[in-house]
Ligand SMILES: Nc1ncnc2c1ncn2[C@@H]1O[C@H](COP(=O)(O)OP(=O)(O)O)[C@@H](O)[C@H]1O
Ligand SMILES: [Mg+2]
């Protein structure tokens, strides 16, 4: 057997989804194939400190810090090929490098799923699981994502993007314009968040006004969309690089009026149905669109693409792409692969292999040019 690859599993992070990330990462740490991989736990605290070593997960969950947990940093200099131990008062030393063969960011939301940490891996020229910088940031920005989807001919709902400033300067005018353009009910969303945080369904001018106020607290850009009425929520997992594959489909049946934060994490009565009961023709269409959406943002490794399918007339609409979907063993993304014949452990292995494949492919490209 060859040398095991050292996988740096990165979790936690400076995001509202810190805890969700820990849950996903616990599952990954438990299931990753020990015959092929040696795991290095890398935790990022809510303040943004990086720690590495066995016991980091324990530390982030309970605050009790074992001896082996050490402060580390990742330098943009590719010659280090891993993390650097941070020593109080001491200079940064080449003897203090903890080598890492490939990173697996199990981070959700800002500073994890939005291209920022991916940019750091790129600078250091180290392989990492999942989407690159651009696909990550496009997937995080709901306004740019919709524009890209629309431009690629994917069906998206009617929407308007407004700046917080515009809304603050002339709230009445903005409400009036949105009313004329979209009508009620509509969905108001901060552009750069996930987990339904800051999202409201508005049924009237006063609700719309309140919804805009809420969204403006979280972001300087606000997306307002026509509500898809009578919509079923259908999700598809995609896996691959240049030839992505689509999984069997799943359906979410939210326990609230829509799939809001409480329905996702608090009330816990939302149902996942796998496979989603759909006519074969509709299923085929959704899977095809999932691959198209993945390619539209030039995604890599994995993504979950979420759809609305209208009851009755089966209209299919792309809602969003998530480049680091929930990744616990019972989350939709791995569940859909399990139903499609790929176990959770095998899925992790494939994602790491895809990361290495993409890295090799990228490093094949010429980086210098001289005019003859
Ligand atoms: N245009 C829409 N029509 C109907 N329901 C919507 C619409 N937009 C969002 N929703 C509801 O709100 C939920 C969260 O919205 P989404 O855009 O997926 O944000 P997040 O990134 O936070 O998951 C969806 O799962 C769905 O239940
Ligand atoms: Mg969503």
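Relative contact order for the chain: what percent, with Cα pairs under 8 Å and sequence separation of 6 or more?
17 percent
Please state, to two decimals, what the Cα-based radius of gyration of the chain comes to when divided by 2.2 N^0.38 Å (N = residues).
This ratio for the chain stands at 1.03.
Mind ordering 80-88, 271-279 by average Cβ neighbours within 10 Å, highest first?
So the order, starting with the most tightly packed, is 80-88, 271-279.
If you count the DSSP beta bridges with both ends in the range 5-128, what percent of them are antiparallel, to the nearest 5?
45 percent
Using only the Cα atoms of the range 280-355, build the gyration tensor, take square roots of its eigenvalues as a ≥ b ≥ c, and label the shape rounded, prolate or oblate: rounded if a/c is under 1.5, else prolate if a/b is larger than b/c, else oblate.
prolate
Taking 0.36 nm per residue of separation and subtracting the Cα-Cα distance, what length does fully extending residue 95 through residue 279 add?
My answer for the length gained is 60.2 nm.
Quick one: pull the percentage of alpha-carbon pairs in the range 134-220 with a separation above 20 Å.
34 percent
What relative contact order, as a whole-number percentage, does the range 140-251 give when Cα pairs under 8 Å and 6 or more residues apart are counted?
28 percent
From the square roots a ≥ b ≥ c of the eigenvalues of the alpha-carbon gyration tensor of the range 5-128, which class results: rounded (a/c under 1.5), prolate (a/b over b/c), or oblate?
Rounded, since a/c falls under 1.5.
By average Cβ neighbour count within 10 Å, what is the ranking of 58-66, 36-44, 352-360 from highest down?
Packing order, densest peptide first, comes out as 36-44, 352-360, 58-66.
Can you sort 24, 370 from fewest to most other Cβ atoms within 10 Å of each residue's own Cβ?
With the fewest neighbours first, 24, 370 line up as 370, 24.
None of the figures in this text is laboratory data; all of them are computed from the coordinates on show. Note that the structure is a prediction, hence the values are computed from the model and not measured. Cβ sites come from the backbone with ideal geometry, for glycine too, and all protein chains shown count toward neighbours.
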